[in-house]
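The values are calculated or read from the model by the stated rules, or taken from the named source; none is laboratory data. Here the structure is a predicted model, which is why all the values come from computation and not from measurement. Ideal geometry is used to build each Cβ from the backbone, glycine not excepted, and the neighbour counts take in all protein chains shown.
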Amino acid sequence: MRTLLVAGPGGSGRTTIAAATALDAARAGRKVLLLTGDRAPATDGTTLTVHPLDPAAHFREELLALQAHAAPALDLLGAAPLDDDELTPLPGSASFAYLRALRDAARGDWDLLVVDLPPTPDAIALLALPEQLRRYLRRLLPPERQAARALRPMLAQLAGVPMPPDGLYQAAARKDAELAAVQDLLCAPTTSVRLVVEPGPAAADALRTARAGLALYGLALDPLVANRVLPATSPDPWLAALAAQQQTHLKELYEDTAPAVHEVPHLGRDPRTPDDLALLGAPAPAAAPAPAPPWPVEDLRDTDGVLLWRIPLPGAAKPALGLVRRGGELVLTVGPFRRVVPLPSALRRCAVAGAALRDGELRVRFAPDPGLWPRTP
């Protein structure tokens, strides 16, 4: 299944581009699923299936299920159960609705999955969520610490504290499997991100931030979509001035972006009908671009006495970078994004000796620790 994740700043028209892309592919005979948190476009009798997300319904379902599962404990505490009609979604609940929809989509038989993501940086935070939640589960409930059922009473007596119930580990294992399915979908070689921007004063900065955040999580990029491009020539002086200003910002996008740029024209009105969407000429989702290779470790011990870890971060700016070694992990901060990355085995026996950002690549130097590094005869 080809998966296209459509992201962009608020107001850039990413929802329209996602709908146009999905509808064009369906009209070409492909079996398409569109996930969107916005109003669903008309399907026009095609093979397009639209799944509009309902975070409020998902929140109510999850909370009521948790309440039913914990009913015995809540009864002991004298808690008054919550009713369906009094529940309102909490901030952040939309992200979990997206995760469930992605999990369900991964199980389906689709030719193309188009996902209309929330505005960046919320979209990047959403794409990072499965990896982060799985890390939390492993830290809080390590599977290898689950004792055999027959030994639990004895271990509880020896420890002097109650052992975590089996149900807790089982629930964690189920959640981990669900999150792993979403993570596999996002990291698949057939998945890529299509960024949508409207050429303007803030477009280049928004694009650089998005590219750096996506690179931090190793997500492949499609060609950039420059949306609502005005005609380059117009007899109207006011419109001609706007178009000239837009062309200046469009040139900046071409200079700053490694993938190609696809221009989508301004229709002079809001696209509402299937025919309007067809006029946009959104780029068809071709084969996914090559996924980013694993971050390489270069052995420079013979020349510089260090190992060099090369981390591609196009669009990153030095003032917005943070780097902290934490045991066997590296905590990387790129602007508003943060990722905790396990160190390769060779680098765990080293100390960080410095770092530099050059040409869109973070180069972290590691000096071997003599007490941990194997000695050569």
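Data for the structure
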item: Considering residues of region 232-246 that are of a type outside the set (A, V, I, L, M) and modelled with pLDDT under 90 only, the residue surrounded by the fewest Cβ atoms within 10 Å (Cβ to Cβ); result: Pro235
item: Residue within region 347-357 that is loosely packed, with under 14 Cβ neighbours inside 10 Å and either under 13 Å from Gly327 (Cβ atoms) or touching an Asp or Glu at 6+ places or on another chain (Cβ under 9 Å) (or both) present; result: yes
item: Count - residues of region 334-377 that are under 31 Å from the mean Cα position of the chain (by Cα), farther than 19 Å from Asp304 by Cα and free of Cβ contacts under 8 Å to residues at least 12 places away in the same chain; result: 2
item: Residues of region 30-71 that turn out to be modelled with pLDDT under 75 and farther than 30 Å from Thr273 by Cα, as a count; result: 2
item: Filtered residue count, region 108-136, keeping only those that are more than 10 Å from the chain's Cα centre (by Cα) and among the small types (Gly, Ala, Ser); result: 1
item: Of residues in region 176-224 being more than 20 Å from Ala287 (Cα to Cα) and among the acidic types (Asp, Glu), the one surrounded by the fewest Cβ atoms within 10 Å (Cβ to Cβ); result: Asp205
item: Number of the condition not met by Ser95 [criteria: (1) free of Cβ contacts under 8 Å to residues at least 40 places away in the same chain; (2) of a type in the set (S, T, N, Q); (3) closer than 18 Å to Leu280 by Cβ]; result: (3)
item: From the options Arg211, Arg228, residue that is at pLDDT 90 or above and at positive phi; result: Arg228
item: Condition broken by Leu63, with the remaining ones in (1) within 28 Å of Asp205 (Cα to Cα); (2) buried (at least 16 other Cβ atoms within 10 Å of the Cβ) satisfied; result: (1)
item: Residues that are farther than 30 Å from Gly37 by Cα and either modelled with pLDDT of 95 or more or in a loop (DSSP other than H, G, I, E, B) (or both), drawn from region 121-157; result: Leu141, Pro142, Gln146, Ala147, Ala148
item: Those strands (runs of 3 or more DSSP E) lying entirely in region 201-311 with at least 3 residues free of Cβ contacts under 8 Å to residues at least 24 places away in the same chain and among the charged types (D, E, K, R); result: none
item: Qualifying residue in region 325-337 (condition: buried (at least 17 other Cβ atoms within 10 Å of the Cβ) and either touching an Asp or Glu at 6+ places or on another chain (Cβ under 7 Å) or of a type in the set (S, T, N, Q) (or both)); result: no
item: Filtered residues of region 259-273 (kept if over 27 Å from Leu214 (Cα atoms) and modelled with pLDDT under 85); result: Arg272
